[in-house]
Amino acid sequence: MQRWASLPGDVKFLISVGVLFLALFVANCTLNRYVLHVIILIGIYSIATTSLNLTNGYTGLFSLGHAGFMAVGAYVTTLLTFPVRLRIAYNLPLLPPFLGGPNYHWPFLPALIAGGLVAAVAALLVGAPVLRLRGHYLSVASLGFMVIITTLAKGLKDLTRGAAGIQAIPRYTNIWWVYAWLVVTIYVIWRLLNSSYGRAMLAIRESEIAAQSQGIHPMRYKLLSFVIGAFFAGIAGGLYAHFARSIRPYEFSFSMTFLIVIMLIIGGAGTLLGPVVGTAIVVALKYVLKPVEEGLGVYGLVEIVYALMLIGVMLWRPEGIVGGVNPLRFLFPKKGGRRNAGVPHGEAHGP
Amino acid sequence: MFTGTYIAQQLLNGLVLGSMYALLALGMTVVYGILRLINFAHGALVTAGAFTFFGIYMLLGWPFPLALAASLLVGGVLGYLLDLVGYRKLRGGPEVALLITSLGIYILLENLIKLLATPQPYAFRPPAFLGQLQNVGGVAFRTVDVFIVVVSVLIMIAFALFVKRTKLGIAMRATAESVEAAKLVGINVNQVVAVAFVLGSAVAAITGFMWGAKYGQISYDMGFMAGVKAFVAIVIGGIGSIPGAMIGGFVLGLVETLAVGFLPPGFAEYRDAIVFVLLILVLLLKPTGIMGRKEAV
């Protein structure tokens, strides 16, 4: 234990990733497809939750628009990787030819990254006006952005096929794609938090005025956290589309956005692994309770349990399950690597 | 195409929708004024009110006034319980905690209704006298449209009198001004908040009946959008102003209806998007709304 704690952060991260992938490899060989399905879903939602954590947990901007960015990523990625033979049948005249003409389609990785980038650009455009708002104004405005996105996805029939959605998406997503991206997401956010940027974001969360008086430009950092969060939300959306194999506008709506928020709050907003823990609990619970719900014909049971958990956490443990006493703290100390030890939060400066 | 009667028809529809938004905004703005809480659960009370009326009037066959009273009662009691169980403990904490809890309460109520009433939508038939078609100068409407507008205006007048004239109403305004100062002069803040919740929720439940009667269909998720749009109405009217919330409700109802009525047919499905674009524009250009006072947005 003593030796582990004294290792540099990067080494610990690499070892953890190695252990994770070894475990995934064993799981992939031994577990049945149903359980693997759940594991992949946990991975995809973890990417979404972890990226939401950057804005909602670390920067203190309570956004409710995350599903909107996932929708952007899902649609962009899907349109880019759309198989050649289906392009004519689906007849999407608004799809620009250079983004995969009738004769070719993009490979998965560039398409995913393109999806994330478009989501990030959307965040930049939306964030510039919306992030000027504080607290609940931001929440409702970002919820409004999500509504605008889903209505556009329903309305632009020549690009998205409207409410009918897009089916027969090739299933590129597998356990390796998902968990590799989850590791990238966590790594980026972890490193970001230990940089001057992350310290500035934490300072903004604690007090925007105090942060400003320290020479931090709040808008810059808010926008940065919003854009990075949206990029990974777009990636999660793209992975989701190529896992579920069909997307419809209403899937990326209130229930998705609320589900991600519930996962984050239950796990613990503002902790590195809280979102993953929360996601695992919420997704696993769904697959445990769904048979009960269907067997008894009590539709809504799963959501009721989620809502009760959310209210319970807010009333009695607002820091979430992982917050406060972090069972994995020795892996990823809150204060970052040894490098930054001893630098109090308040003294963080912008670069 | 845009004849005088068509325009009058659209204006009437906008007025009806606007009065329902105004009623919801009224209940929400009082709670917001005191607690700084966007009560997402407000929308669930609309659904609860509609389903209570449906159950008592259409399934049990009670007379109309009794069913309406029961709807009011259920709304009020639910409002009281939500405040007592959900929000009281969190007061004085971070604003976002209240917001998240209200989201949780909304999801809880929505799914309880879904569980009790099954997910399918129900046809909502108000009493025959409300369903009668009227025709004034070529403008067709049903009695229920008049009912909604008249009852809404009556509720608003009653509320305005309550807030201006009664001791409790004055205490409510004082608490909205400053919770600390209200405590200092001996106002029972918990009581004031409870009253605000009860009144707002009862009005929301009545709005649920109106919504069902106007659109002829109720479903477990009908209230959410209505609740969120009521908040948009508050922002348009000006946060912190009770008359502003009502004006905002009417403005939003008219804008939404007229946008759908006068834009080319393809735009009808963008009606929700139009509302939120309006919200973002108002927040950017005139964050204090029509009648609001200055507040850091």
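Quick look at the numbers
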item	result
Spacing of the two label points (7 Å from each Cα toward its C-beta) at residue B:11 and residue B:153, in nm	1.4
Over chain A: Rg over Rh, Cα atoms, Kirkwood Rh	0.97
Alpha carbon centroid spacing (whole Å) that separates region B:173-231 from region A:202-232	34
At R0 = 35 Å, FRET efficiency that the Cβ-Cβ distance of residue A:90 and residue A:125 yields, to 0.05	0.80
Neighbour net charge for residue B:262 - beta-carbon separation under 14 angstrom, K R +1, D E -1	0
Residues residue B:128 and residue B:286, FRET efficiency given R0 of 45 Å [Cβ-Cβ distance, rounded to 0.05]	0.50
Base-10 log of normalised Debye intensity for region B:13-285 (one unit scatterer per alpha-carbon) at q = 0.09, 0.14, 0.15, 0.17 Å⁻¹	-0.40, -0.98, -1.13, -1.42
Principal axis dimensions, region A:202-302 - Cα atoms, whole angstrom, descending	59, 26, 21
Per-selection metrics, region B:201-297 (Cα): Rg and Dmax in Å	14.2, 41
Alpha-carbon centroids, region B:254-292 and region A:141-176: separation in whole Å	23
Nitroxide proxy distance, nm - points 7 Å out along Cα→Cβ at residue B:161 and residue A:36	7.2
Cβ-derived FRET efficiency at R0 30 Å, residue A:6 paired with residue A:196, nearest 0.05	0.75
Cα-based Lys pair tally, region B:13-285, threshold under 22 Å, eight or more apart or on separate chains	6
10 Å binning of all Cα-Cα separations within the protein assembly as shown, expressed as whole percents from 0 upward	3, 15, 25, 26, 19, 9, 3, 0, 0
GNM result for chain B, Cα springs below 10 Å: residue of B:217, B:191, B:120 fluctuating most strongly	B:120
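Every number in this text was worked out from the coordinates using simple rules, so none of it is lab data. All values reported here derive from a predicted model rather than from experimental measurement. Quick reminder, even Gly has a Cβ in these numbers, built from the backbone with ideal geometry, and neighbours come from all protein chains shown.
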